[in-house]
Amino acid sequence: MALFGRVASMTNRPLRVVLNILATSIVLYVGAALWTWGNGNQEQPAPSATRAPLIFWFILLVPWMLFGPLSAMAFDGGATAEAYMFFWSTITYPVSVVLAAVFRRWFPYAVLLPVLNFAACFTSHLLHK
């Protein structure tokens, strides 16, 4: 709670810096552990055909870092189902890329998981009444 919300404005700056460093280090540690877990003890390597789409999804993370957080502006027109679908499909894109990277060894078609985010994002306007 010290990182977000009303409590963050009441927390002094050195404590916020320490908490942000702690939260970032935990996220990096968990990410490294998942990467090691996904790449260790494999009887068969991932098919090379899964490498190109995965690299493409990782390249698309760069513009996502700029425009992904702006997806909250979808709620300027009100809290509609269209806005919620656009927002959540945009915000969860990095999660689907990480899941695709981890599970591509066991299930090669998992590399297509981020397509669902794009499909939901581009079809969210169909929910408009």
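Keeping every protein chain in place, order 88, 57 by accessible area at 1.4 Å, biggest value first, i.e. largest first. Kindly include the intermediate steps, with their values, before the conclusion.
Numbers: 88 135, 57 20 Å².
The most accessible residue leads, giving 88, 57.
Top to bottom by accessible area (1.4 Å), largest first, where do 48, 89 land? Show your work: numbers first, answer last.
Values: 48 100, 89 10 Å².
Highest to lowest solvent-accessible surface, that is 48, 89.
The values are calculated or read from the model by the stated rules, or taken from the named source; none is laboratory data. Since the structure is predicted, the reported quantities are computational estimates derived from the model, not experimental observations. Just so you know, the surface numbers come from the protein's heavy atoms only, side chains and all, with ligands and any DNA or RNA stripped out. Shrake-Rupley method; radii C 1.70, N 1.55, O 1.52, S 1.80 Å.
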